[in-house]
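Each remark here refers to the structure printed beneath this line.
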């Protein structure tokens, strides 16, 4: 038996096979994307056939570990999104939603459109019986009837979000408005307080919070096969769930365990629930040179980026991976 409320330093396939079949309520996986990211232990540049065979094994492990009514969320990049969705369905999962988590300041590519999104597959074992807490106020967003039309028929609890999650609508003010019913969830940039600091890829707590709240209940078991920085497990603990994780890196396990020890049940999630105010635009500054007048009149945020991830994106795209001013690039901000 494998202990709960712990991160285990071992291969997730072997670890999940030791879990009691049908014991997990919710699994969230943000696996390696096979694009050459430099992990401290794992090789992220495998032959496609090898990567897909390995993916089939760990996804089957998730399916075995989940209860008949269990839910599986999978975060994956463009390169293998379609393949992993098909593998998941062949193993026995049913896809409820194909969510696109969109963000600005993605990777600028030379030979294709700029990359600025992650695929999030919402999968269940039983197409008719699964947990989906649609009435949880922390999951819902204000409706247009509430925000725009002041309609007395509006549900005071709002409505469910759409399946497009916008990172920073203030970066495209004429494309997305704060009244739109979309998910505005920032990536975890280097300047953010919630940044763990020891792992190059970290998901935002608010994103995991919505997933865990909607797809599990208090005291249920949440599994992360690739625990990384420990965000999934930290959010699960804060929200009163039991949790278990696996990771090949002894360093990640030690640091993630220390992070979990500092987290208390009931503690608020890190990051602003309202992303429109979580990363405000840089205020305009007086131009010092004539050439800077236009930029000063229309300021854009400037945040640090992670060079090794940008390099991996560049190699995967076959072109320039210059970060457009900021932020974590696309993959594995966990």
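What the table below lists for this structure:
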| quantity | calculated |
| --- | --- |
| Where labels lie 7 Å past Cα in the beta-carbon direction, separation of residue 153 and residue 3 in nm | 5.7 nm |
| Anisotropy class of the stretch 59-150 from Cα gyration tensor, a/c 1.5 cut | oblate |
| Simple label model, 7 Å out from Cα along Cβ direction - residue 38 to residue 132, nm | 4.3 nm |
| Which of 69, 257, 231 has the fewest Cβ neighbours within 10 Å, and the rest in rising order | 69, 257, 231 |
| Segment residue 94-residue 14, extension gain: residue separation times 0.36 nm, minus the distance between their alpha carbons | 26.4 nm |
| Rounded, prolate or oblate (a/c below 1.5 giving rounded, otherwise prolate when a/b exceeds b/c) for the stretch 3-70 by Cα gyration tensor | prolate |
| Mean Cβ neighbour count within 10 Å, used as a protection proxy, ranking 72-79, 154-161 highest first | 72-79, 154-161 |
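Every read-out reported here was derived from the displayed coordinates using simple, explicitly stated rules and does not represent laboratory data. None of the values given here were measured: they were computed from a predicted structure. Positions of Cβ are backbone-derived with ideal geometry, glycine not excepted, and every protein chain shown enters the neighbour counts.
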